[in-house]
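Single-structure report; data block below.
The values are calculated or read from the model by the stated rules, or taken from the named source; none is laboratory data. This one's a predicted model, so the numbers in the text were calculated from it and none came from an experiment. Methodologically, a virtual Cβ is constructed for each residue, glycine included, from the backbone with ideal geometry; neighbour enumeration extends over all protein chains shown.
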Amino acid sequence: MPGVNDVVPAGRILRLRYDLHRVTLRELLPHLRAAGNAPSSALGWRWRTVLWLLTEDVQIERKRARQIDWDTLVRDIYQSQYRHRRHGRRDERPQHWRKYQTS
């Protein structure tokens, strides 16, 4: 399957190395079940699988959050510069440029 780098059988455990940018465990599980290599149904292994899925979801969301668009970058730069001005100093730029949101 595309994205799977390495499959190593270690006794009764099958170790997979895969590229999270190309494939996730959520996508791999149906293929593993079809091949007869489903994760164990023991409670500990079910928890481990759920935690692994959650960890992948968090990593993917963090990657999406780091992708900053141009408008966000400009707003952040403007806010950082505006905070360093002395109190009472007005911005000489037009009114519509001074509207910003603080985080």
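General observations
- In the condition set (1) over 26 Å from the mean Cα position of the chain (by Cα); (2) in contact (Cβ under 8 Å) with a residue 24 or more places away in the chain, L20 is compliant with all but (1).
- Lone qualifier among R15, R62 - being within 13 Å of the chain's Cα centre (by Cα), modelled with pLDDT under 85 and loosely packed, with under 11 Cβ neighbours inside 10 Å: R62
- In the range 71-91, the residues that are modelled with pLDDT under 75 reach residues that are surrounded by 10 or more Cβ atoms within 10 Å (Cβ to Cβ) with C-beta atoms within less than 6 angstrom, at least six apart or across chains, in these pairs: D91/R98.
- Residue within the range 29-52 that is in a helix (DSSP H, G or I), under 14 Å from the mean Cα position of the chain (by Cα) and farther than 13 Å from M1 by Cβ present: yes
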